[in-house]
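The values are calculated or read from the model by the stated rules, or taken from the named source; none is laboratory data. Since the structure is predicted, the reported quantities are computational estimates derived from the model, not experimental observations. When we count neighbours, we look across all protein chains shown, and the Cβ atoms used for this are built from the backbone with ideal geometry, even at glycine. Each accessible area value is taken on the protein alone, full model and side chains, heavy atoms only, with ligands, DNA and RNA left out. Shrake-Rupley method; radii C 1.70, N 1.55, O 1.52, S 1.80 Å.
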Amino acid sequence: MDASPSAQVLPILTVTVNPALDISTTTELVKSGHKLRCGPSRLDPGGGGINVARVVQRLGGRPLAVYTAGGPTGEAYRRLIEAERLPTLVVPIQGSTRQDFTVDEASTGKQFRFVLQGPELSESEWRLCLTLVADSIQPGGYVVASGSLPPGVPDDFYAEVARLAREQNARCVVDASGPALAAALAEGVFLIKPSRRELGLHFGTTLDSEQSELDAAMALVADGSAEHVALTLGGRGAVLASREGTLRLAVPQVEVRSTVGAGDSFLAAFVLRLAQGRSLAEAFRSAVAAGSATVTTQATELCHRDDVERLEAELAAQEFGV
């Protein structure tokens, strides 16, 4: 599924202001008041933009990731990133990079996810992030701003990233929620990837039908807030809204082991395929394939290229009735 060797792949820059060292393990039963003996643990460098960059690289792209790191946790995080040979620009911070915990309950198959807040960033630290982003944006490329904002970072941080991208004629992609998403939409972006809950919260309502989902997504396109809205619906698939209309795809039949990172994988494949010159429909199909491939992996592991390409082919066959 590579682009033609002669084809130009547009550059992809990702921004992660609040990365997390993901720790995952298993225990037989989660029960209060008891020591919970756990199985082997796994460490992964997590956070929205970093996960997007890691999947872009796994699928054959060459992204550049800007992220913050500090303290002993940040040092461990940097070593994991370096082991993957991911091109990065690191913003040193005084606080310690946060940790997230994922615990799979073996007796029930339930998954418990503990997402920590993250260190407070000083104004000089988050402004340095913006400076690195401004210096790294490539005209005509993509900028993916993804993940939560830590304490100290203003709500309009992603809106500022969107403004910087526009100044360089680059396309800004935002995966956020709450005030950070609202501010980015007020600035105007190329693409957002909300969940149904996140989109409903933006409009202050509950999206309880397929029509309400479509109406909410198309409303953002119609008023110019976003050129494209990729609404992820978990096991129900995804919807893509744009001025060209709407597309809906069901997810392929796969065994769900962990949903961690599925949304990031979805976004990574979507942006990479567009950067490779694929159509919106092809990029959307690849996104659903990557998200589905990620849920088949354990704990905080992300998708693998062979699985994504196999699922892409399956979705294409279903679409064309092969």
(request) Mind listing whichever residues of segment 272-294 are among the β-branched types (Val, Ile, Thr) and either assigned to a loop (DSSP other than H, G, I, E, B) or touching a Cys at 6+ places or on another chain (Cβ under 9 Å) (or both)? (result) 294
(message) Just the residues that are touching a strand residue (DSSP E or B) at 6+ places or on another chain (Cβ under 9 Å) and either of a type in the set (Gly, Ala, Ser) or surrounded by fewer than 20 Cβ atoms within 10 Å (Cβ to Cβ) (or both), please, taken from segment 114-129.
(response) 114, 115, 116, 117, 118, 128
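Residues are listed down the side, and each one gets a yes or a no for (1) part of a loop (DSSP other than H, G, I, E, B); (2) under 16 Å from residue 133 (Cβ atoms); (3) in contact with a Lys or Arg (Cβ under 9 Å, 6 or more places away or on another chain):
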site: 49; (1), (2), (3): no, yes, no
site: 53; (1), (2), (3): no, yes, no
site: 66; (1), (2), (3): no, yes, no
site: 73; (1), (2), (3): no, no, yes
site: 86; (1), (2), (3): yes, no, yes
site: 102; (1), (2), (3): no, no, yes
site: 107; (1), (2), (3): yes, no, no
(message) Please pick out the residue among 144, 133 that is open to solvent by less than 40 Å² (accessible area, probe 1.4 Å) and under 30 Å from residue 258 (Cβ atoms).
(response) 144
(request) Kindly list the number of the only condition in (1) over 25 Å from residue 112 (Cβ atoms); (2) open to solvent by less than 60 Å² (accessible area, probe 1.4 Å) that fails for residue 265. (result) (1)
(message) Where the second residue is open to solvent by less than 20 Å² (accessible area, probe 1.4 Å) and assigned to a loop (DSSP other than H, G, I, E, B) and the first is at pLDDT 95 or above and aromatic (Phe, Trp, Tyr) and lies in segment 139-151, which pairs have Cβ atoms under 7 Å and are six or more apart or on separate chains?
(response) 142/170
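Okay, residues lined up against (1) buried (at least 21 other Cβ atoms within 10 Å of the Cβ); (2) within 26 Å of residue 222 (Cβ to Cβ); (3) under 16 Å from the mean Cα position of the chain (by Cα):
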| position | (1), (2), (3) |
| --- | --- |
| 242 | no, yes, no |
| 258 | no, no, yes |
| 274 | yes, yes, yes |
| 277 | no, no, no |
| 281 | no, yes, no |
| 288 | yes, yes, yes |
| 309 | no, no, no |
| 314 | no, no, no |
| 318 | no, no, no |
(request) Test residue 240 against the stated conditions and say whether it is more than 27 Å from residue 54 (Cα to Cα), in contact with a Ser or Thr (Cβ under 7 Å, 6 or more places away or on another chain) and without any contact (Cβ under 8 Å) to a residue 60 or more places away in the chain. (result) no
(request) Report, ordered by the first and then the second residue, all pairs with beta carbons closer than 9 Å, sequence separation of six or more or different chains, a first member in segment 105-124 that is of a type in the set (S, T, N, Q), and a second member that is loosely packed, with under 13 Cβ neighbours inside 10 Å. (result) 107/29; 108/29; 117/151; 122/94
(message) Just to be sure I understand the filter: pairs with C-beta atoms under 6 Å, separated by 6 or more residues or on different chains, first member in segment 18-32 and within 12 Å of residue 111 (Cα to Cα), second member surrounded by fewer than 18 Cβ atoms within 10 Å (Cβ to Cβ) and acidic (Asp, Glu). Which pairs pass?
(response) 30/105
(request) Quickly run through segment 192-233 and pick out the residues that are in a loop (DSSP other than H, G, I, E, B) and either surrounded by 12 or more Cβ atoms within 10 Å (Cβ to Cβ) or at pLDDT 95 or above (or both). (result) 193, 194, 207, 223, 224, 225, 233
